[in-house]
Each structure stands twice: as C-alpha cells, then as structure tokens.
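For reference, the structure is listed below as structure tokens.
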Amino acid sequence: MITDGQQTTDSGPYEHLDVASEKLKERGVEIYALGIGKDFEQAELKLMVSRQNNIFVAPSFDILVQKVAKIKEQICNSK
C-alpha cells in the first residue's frame, strides 16, 4: 500500500483498513505500507500492515527513489 494521506471514506462504500487488511493477512499475504509526504496517518499504516516493521516512510517521492534499494533489501530478506 502506498499512500500520501488518509483513507478515503466519502466517495462510496469502504471497509475500515483493519477489516480490509485482515482478509489478506488470513490468507498469508504479507502487507507493507509506504507513507509518502508529511500528511499521512501513521495510525492507519499500523492498521493495515502485517508487522510494524513493514512500514516505510519518505517525505517525498524524490526521497522514496533514494530509499528503494533499502526497502527492497528489507522486504526480500524478511522471507
């Protein structure tokens, strides 16, 4: 999940993040979240990830590009 803000709740039906992600977790899907910018909600990222260390943050997409190798290494080494 890559996000730059908060869950959209005002444009149609939606499931709360913890409910939506639980279905994937039950199937063994490892969920990672990437918060971009300054306005994302850390609490929402925590609701959806499989583990707390599956959260990555970057203040901008430019900084994200610099972090990609480290993120990729962490994700690949976690299995």
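Of note:
- Test for residue 66: is it in a helix (DSSP H, G or I), open to solvent by 90 Å² or more (accessible area, probe 1.4 Å) and either within 19 Å of residue 78 (Cα to Cα) or of a type in the set (S, T, N, Q) (or both): yes
- Test: residue 57 is over 18 Å from residue 76 (Cβ atoms) and modelled with pLDDT of 85 or more: yes
- Residues of segment 45-63 that are assigned to a helix (DSSP H, G or I) and either among the acidic types (Asp, Glu) or under 10 Å from residue 34 (Cα atoms) (or both): 45, 54, 62.
- The set of residues from segment 23-44 being small (Gly, Ala, Ser) and in a loop (DSSP other than H, G, I, E, B) comprises 28, 37.
The values are calculated or read from the model by the stated rules, or taken from the named source; none is laboratory data. Nothing here was measured: the structure is a model prediction, and the numbers come from that model. Here Cβ is always computed from backbone atoms with ideal geometry, including for glycine, and neighbour counts include all displayed protein chains. The accessibility values were calculated without ligands, DNA or RNA, using every heavy atom of the protein model including side chains. Shrake-Rupley method; radii C 1.70, N 1.55, O 1.52, S 1.80 Å.
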